[in-house]
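Only the coordinates and a few stated rules stand behind these numbers; no lab work does. Bear in mind that the values here come from a model prediction, so they are computed numbers and not experimental data. Cβ coordinates were reconstructed from backbone atoms using ideal geometry, including for glycine residues, and neighbour counts include every protein chain displayed.
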Amino acid sequence: MNPLLPIVILLFFIQASVLGGTFQPRFKNQTTAPEVTSKSILRVNSTNQVYDLGSPWQKKPPTGRRGLGVLVGDGSILVTADLVANSNFIELELPANAKKSTATIQHIDYESNLALLRATDPEFLAGMIPLKLAEKISIGDSATVLQFEPNGEIARTTGRISSISIAPYPLENVGLLVFKISMPLQQRDGSFTLPAVHGGRLVGLLMRYDSRNQTADIIPMPIISRFLASTTQPDFKGFPRLGVSFAPLRDPQLRRFIGLTEPGGIYVTKVTPKSSAASAGLREGDVILAVNGLPLDQDGNYEDADYGRILFSHITGTLTPAGGKVVLKILRSGKIEEVPVAMKPLDRSSVVSPSFLSDAAPPYFILGGMVFVELSRPYLQEWGAEWTKNAPQRLVNYDAFQDELPADRGKIVVLAQILPTPDTIGYENIENVVIKELNGRPVKSIADLAEAAKHPVEGFQKIKLEEDPTWLFLDAASIEANRTQLMEHYELPATERLNPATSGQP
Amino acid sequence: MSRLLSIVLALSFSSLLKAAPIAESLVRIEATSQEPDYKSPWSPGTVLSGVGAGFVIDGDRVMTNAHVVSNARFLTVSKEGDPKPYTARVLHIAHDCDLALLKVDKAEFFNGTTPLEFGGLPEIESVVSVYGYPIGGKRLSVTRGIVSRIDFQTYSHSAMDSHLTIQIDAAINPGNSGGPVMQDGKVVGVAFQGYSGDVAQNVGYMIPVPVVERFLKDVEDGKYDRYIDLAISYQNLFNPAARRALGLEDDDRGVMLGAVYGGGSSDGILKPGDVLLEIDGYPIASDGSIRFKNGVVPLTEVVERKFRGDKVHLVILRDRKKQTVAVPLDDPWPFTLQSNAYDEKPRFVIYGGLVFQPVDRNFLAEHDPSNQRLNYSYDFFVEDGIYRDRKELVVLSNILPDPVNAHTGDFRYSLINEINGRRIQTLQDVAQAFAKPEEYYVIKTADVGPPIVLERKAVLAATENILKRYGIASEQNLEK
């Protein structure tokens with residue numbers, strides 16, 4: 001008798017799901033809410049060009065990306081930042097009537113991977129209807145991803161939200177709320193920037209699609225609404241960050257050793273210098289037990305009223321605005337303490353090797369054919385997917401352990417390559433070494449380098465490197481005399497770009 | 001059909017006749033070796049066998065390459081025309097210049113052999129013959145070519161040492177290793193390495209006589225010491241601005257020191273920016289070459305001929321002033337970590353299923369870890385003076401799964417900094433830390449993360465099971 005029971009139950013479930021699939025209009029609001037039409041979405045074609053960081057006076061060949069934007073009110077079109085990052089040219093297109101307009105970026109935030117565009121033709125969006133954000137979505141709800149057929153009709157693919165969690169965004173070290181939808185999706189446009197809707201409202205923007213597992217990652221409404229709110233703040237510097245690395249506290253031996261009797265809790269393994277956590281006095285070895293009174297489990301999750309068990313960084317990074325406050329309950333040296341933390345975004349100005357460069361043109365300085373650049377992770381990523389192994393190890397190391405450098409280290413200025421000239425004879429094989437001093441002056445930025453170059457010593461540019469071959473000398477008068485020739489010969493538009501300037505777009 | 005056969009026979013017969021005096025001294029070496037396993041360091045290792053060549057030299061000794069007899073467990077030698085294998089043993093082995101001397105257990109082996117004599121450095125384009133037992137048959141093989149180039153080359157056996165090397169265009173194949181390269185009846189080199197055909201054509205290398213003679217002189221006292229080194233790196237001085245800035249004339253002389261490696265012979269005597277003008281009286285050209293006895297060679301050739309405790313006299317230019325300095329030569333020990341090691345047992349300590357090992361080139365070759373801090377510490381062990389803080393790079397190399405270590409997986413390949421407050425400099429420190437009874441062992445790594453905490457009583461209860469489950473006879477080996 002007993003062995004039959006599980007089979008019966010199983011059959012029942014299959015039947016239920018078949019029914020759910022067949023009779024579409026089952027969801028309450030779907031019968032009442034209007035379907036999203038082509039009056040709210042449009043095609044966005046972006047031509048993007050990134051700088052060649054080894055030869056930073058030039059850009060790499062342009063690449064085109066296509067996606068769909070969503071009108072979110074007041075002439076603003078929401079897309080992913082990925083779609084329009086480093087764009088030279090953005091074109092909007094209404095598939096129904098093939099009308100086109102160029103567009104500019106109004107706001108872009110690389111952390112949340114979102115951007116707002118505005119059409120240059122003020123009449124272009126006439127008759128279009130802005131889409132509202134969905135209010136409450138739970139696991140199991142359906143969501144429909146919209147695409148355009150070549151004939152301008154909307155193609156709808158519906159799936160269910162299978163998980164809601166804090167997951168990586170394209171920028172390294174950024175984890176924010178993500179909805180995952182299981183669905184088979186056909187690639188129709190050049191990218192997966194596509195709107196996902198439910199009940200006539202916007203659930204989010206698709207930012208990547210895993211075709212093998214058929215899961216779509218969605219930037220959901222809470223992130224979008226935080227981004228939209230930020231666009232009205234003139235001093236917006238990004239989502240707030242706590243600035244801690246942590247490890248789960250699953251090991252009972254470790255829990256006993258640190259005298260942890262309460263359930264849950266996470267172990268702080270690193271506090272980012274100058275971060276919110278650092279300012280609040282958080283230290284390595286602290287155990288975070290609760291955030292704003294919500295207890296954390298041993299992996300750092302709390303019970304969210306809307307989304308269930310998700311990582312506490314949703315509270316600190318999304319629900320709390322910059323300038324807001326969170327209260328941490330911590331265990332330190334066997335004692336429970338409450339620590340208020342004033343939340344602020346990451347101070348990017350003090351970052352030694354930035355993990356992304358946004359649209360800014362990278363600074364560089366060319367001294368008699370020697371090309372100097374500032375170290376950044378994108379520079380290392382020029383060595384390809386295996387850059388941590390293939391890029392020069394000293395540079396990789398500077399990037400990986402930049403938090404351990406002295407606070408006044410400044411930027412790492414790298415002699416990236418040498419454009420051979422008669423002035424650089426004998427130096428041809430030197431590349432990717434870090435400069436320490438020029439003419440006895442410490443070099444902590446490209447600007448420092450440019451300044452020091454104005455003060456040659458006894459007629460020489462005296463370059464001191466951090467490593468072998470340590471010293472390089474150039475004839476100051478000769479390189480100045482040969483500068484025009486160098487520029488003509490290698491077709492350099494300029495021998496320096498001192499301050500990061502934004503390209504094309506405001 | 002039969003006529004063709006007789007021609008082939010006659011040809012081979014005539015060449016055999018010519019080769020006869022050399023053939024009498026040629027030795028075929030069959031080596032059975034056991035390669036240690038750095039992934040399961042407690043295992044005795046895989047048994048392999050191979051064939052190489054050697055030749056008889058004075059004193060009833062057989063010379064061959066170190067790589068032919070490395071990690072050897074059992075060696076037999078046989079002579080051309082005498083089928084009997086004789087057992088042999090390694091008398092001296094020099095992994096840094098890929099040479100070894102063997103001794104044959106029965107002296108009668110040498111009956112009828114003639115010790116070969118050494119010649120000098122052959123001229124470029126002069127003809128040499130290579131003798132050995134390369135693939136393609138069992139008997140002696142002779143190939144012939146010319147001397148293509150004389151230069152410094154990395155010896156791939158240790159992978160860290162470079163010495164004078166002669167490139168020849170005679171075919172050198174596996175099995176030629178250790179065989180003599182002859183000219184006018186004298187040995188002018190020992191065949192040792194080459195490129196496979198898909199990299200370069202007709203490029204074979206032999207160890208020239210100066211390197212062989214240095215080895216033979218080194219072992220005269222009964223033991224082999226390593227090569228010594230100035231432990232510097234220098235930069236050409238072609239650049240006119242650099243020459244003027246350093247106060248040099250336009251005479252194409254001198255090289256500038258780019259790096260002086262800590263722990264090496266020149267540490268504290270030379271510094272980056274010094275210009276080397278002369279070495280033991282030989283003027284140094286701006287590319288670092290000198291005119292030596294045997295032609296133009298890199299300046300390091302002067303050092304190559306010397307032994308530990310000898311001095312090198314240098315004329316340098318520092319702050320535009322000429323100075324004479326003497327550098328006493330010593331072994332730059334931190335470099336040995338980055339060389340291939342042979343005839344060593346892997347060292348390890350196992351505690352609670354956690355395996356601790358020192359990292360060296362052998363270890364990395366098998367493990368290929370992706371831990372950034374470990375790879376950096378290894379790559380820059382000498383250059384950045386890592387060796388001052390850590391005599392060895394001790395890592396948690398593996399976790400043998402057991403409930404007692406269920407949460408330690410994230411720490412694999414982390415460098416170990418401390419155990420219960422004790423700084424971990426060597427593997428010995430790890431063994432000592434665990435030997436001291438404590439309630440908890442708190443292991444701090446160099447990576448970002450919480451400490452690894454092991455409870456002594458839990459470990460003690462689990463140890464026997466772990467060792468049994470993974471077939472481990474001993475919890476540690478601290479001896480090489």
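Below are the figures for this structure:
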{"item": "Shape call, chain B: gyration tensor on alpha carbons, a/c limit 1.5", "result": "oblate"}
{"item": "For segment A:102-176 versus segment B:412-440, the gap between their alpha-carbon centres in whole angstrom", "result": "53"}
{"item": "Theoretical FRET efficiency, 1/(1+(r/R0)^6), r = Cβ-Cβ of A:Ser163 and A:Glu284, R0 30 Å, to 0.05", "result": "0.45"}
{"item": "Anchor B:Lys217: aspartates and glutamates whose Cα lies under 12 Å away (excluding residues fewer than 8 positions away in-chain)", "result": "B:Asp225"}
{"item": "Per-residue HN-Hα couplings for segment A:121-131 [Karplus 6.51, -1.76, 1.60; θ = phi - 60°; Hz; x = Gly/Pro]", "result": "7, x, 8, 4, 8, 4, x, 7, 10, x, 9"}
{"item": "Contact order normalised by residue count of segment B:232-328, Cα under 8 Å, 6+ apart, percent", "result": "25"}
{"item": "Dipole magnitude of the protein assembly as shown, debye to nearest 20 (Cβ charges: Lys/Arg +1, Asp/Glu -1, about Cα centre)", "result": "2160"}
{"item": "5 angstrom amide H check on A:Gly204, placed H, neighbours 5+ away", "result": "A:Ala196"}
{"item": "Aspartates and glutamates whose Cα lies under 15 Å from that of B:Lys457, excluding same-chain neighbours fewer than 8 positions away", "result": "B:Asp402, B:Glu438, B:Glu439"}
{"item": "Per-residue mean of C-beta atoms belonging to partner chains within 10 Å, peptide A:425-433", "result": "3"}
{"item": "Segment B:Arg320-B:Ala107, length gained on full extension (0.36 nm per residue, minus Cα span)", "result": "70.4 nm"}
{"item": "Segment A:142-230: relative contact order as a whole-number percent, Cα under 8 Å and 6+ apart", "result": "25"}
{"item": "Span-rule helices in chain B, defined as complete DSSP H runs reaching 24 Å or more along the axis (Cα) with Kyte mean at least -0.5", "result": "B:2-23"}
{"item": "Cα gyration tensor category, rounded, prolate or oblate, for segment A:240-345 with a/c compared to 1.5", "result": "oblate"}
{"item": "Karplus 3J(HN,Hα) series, Hz, for segment B:395-402 with 6.51 cos²θ - 1.76 cosθ + 1.60 (x for Gly, Pro)", "result": "10, 7, 8, 7, 10, 8, x, 6"}
{"item": "Within segment B:443-458: backbone nitrogen closer than 20 Å to the B:Asp379 label point (7 Å, Cα to C-beta)", "result": "B:446-448"}
{"item": "Cubic angstrom per residue, convex hull over Cα atoms of segment B:127-221", "result": "112"}
{"item": "Cα gyration tensor, the protein assembly as shown - rounded (a/c under 1.5), prolate or oblate", "result": "prolate"}
{"item": "In nm, spacing of pseudo-spin labels at B:Arg422 and B:Val296 (7 Å Cα→C-beta vector)", "result": "5.8"}
{"item": "Burial ranking of peptide ranges B:456-465, B:139-148, A:362-371 (average Cβ count within 10 Å, highest at the top)", "result": "A:362-371, B:139-148, B:456-465"}
{"item": "Segment A:244-318 - percent relative contact order, Cα under 8 Å, separation 6 or more", "result": "28"}
{"item": "23 Å Cα-Cα reach of B:Lys480 towards lysines, excluding residues that sit fewer than 8 places from it in its own chain", "result": "B:Lys39, B:Lys223, B:Lys345, B:Lys391"}
{"item": "Averaged over B:236-248, number of beta-carbon atoms from partner chains that fall within 10 Å", "result": "6"}
{"item": "Per-residue Cβ neighbour rank within 10 angstrom, fewest leading, A:Leu254, B:Leu400", "result": "B:Leu400, A:Leu254"}
{"item": "Span-rule helices in chain A, defined as complete DSSP H runs reaching 24 Å or more along the axis (Cα) with Kyte mean at least -1.0", "result": "A:4-22"}
{"item": "Helix-only mean residue ellipticity at 222 nm for chain B, each DSSP H run of n ≥ 4 adding -39500 (n - 2.57), per residue, nearest 500", "result": "-5000 deg cm²/dmol"}
{"item": "Residues B:Ser49, A:Ser478, sorted so that the one with the fewest Cβ neighbours within 10 Å comes first", "result": "B:Ser49, A:Ser478"}
{"item": "For segment A:97-216, alpha-carbon Rg relative to the globular expectation (2.2 N^0.38 Å, N residues)", "result": "1.13"}
{"item": "10 Å Cβ neighbours from other chains, averaged over peptide B:446-453", "result": "6"}
